[in-house]
Amino acid sequence: MLSVTDPASRREPFHWPKSNAAAVLCLVLVSLAFNWFYLLGGFQADEFFFLNSLRQDPLPFSRWLGLWSVEEISSISNIWWFEGGDLGVFWRPVPSLIFEGSIRLFGERALPLHLFAIIAHGLVAGALFLLVQSARCSSWWR
């Protein structure tokens, strides 16, 4: 008896690239694709507040506590990150230093800052991929 096989059933399933570098590059490119409009959109939302804060002398925040350590903003009546009443609740010095470093290096342009943020997110996804892949290959996974 003749059997007719569907050509679609002979296709191999999708496999990640054989090279880890290619997989990480793929994740960075996917991150860029999903965030394309953010990349080209200029400064947005709280970035205007951070930009204006960096223009002040002296700075209204501690660099080591982060931009979110500002306790009073004249144009905002309720600062959501202080609802708990404790300054340490929302401690984020690294994003603040990256934001300030980008402004100091590239001027008041959003593109370099957003490009760095998107690539960093893609690299974190790639690092997570490599971590899961190495865990799957180890003996404790099985």
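The values are calculated or read from the model by the stated rules, or taken from the named source; none is laboratory data. Quantities reported herein were computed from a predicted structural model and do not represent experimental measurements. In this analysis, Cβ positions are derived from the backbone assuming ideal geometry, glycine residues included, and neighbour counts consider all displayed protein chains.
Scanning the stretch 43-62 for residues that are over 17 Å from residue 106 (Cβ atoms) and among the acidic types (Asp, Glu) returns 46, 57. Restricting the first member to the stretch 54-75 and to residues that are over 14 Å from residue 92 (Cα atoms), and the second to residues that are modelled with pLDDT under 80 and surrounded by 12 or more Cβ atoms within 10 Å (Cβ to Cβ), the beta-carbon pairs closer than 7 Å and six or more apart or on different chains are 60/70; 71/82; 73/79. Taking the listed residues 111, 105, 87, the one that is at pLDDT 75 or above and surrounded by 13 or more Cβ atoms within 10 Å (Cβ to Cβ) is 111, with no other qualifying.
Go through the stretch 104-129 and count every residue that is in a helix (DSSP H, G or I) and not hydrophobic (A, V, I, L, M, F, W, C).
We begin by selecting, within the stretch 104-129, every residue in a helix (DSSP H, G or I); these are 104-106, 110-129.
Filter again for not hydrophobic (A, V, I, L, M, F, W, C), leaving 104, 112, 114, 121-122, 126.
Number of matching residues: 6.
Which condition breaks for residue 132 when tested against (1) at pLDDT 85 or above; (2) part of a helix (DSSP H, G or I); (3) surrounded by 13 or more Cβ atoms within 10 Å (Cβ to Cβ); (4) out of contact with any Pro (no Cβ under 7 Å at 6 or more places or on another chain)? (3) is the only condition that residue 132 fails.
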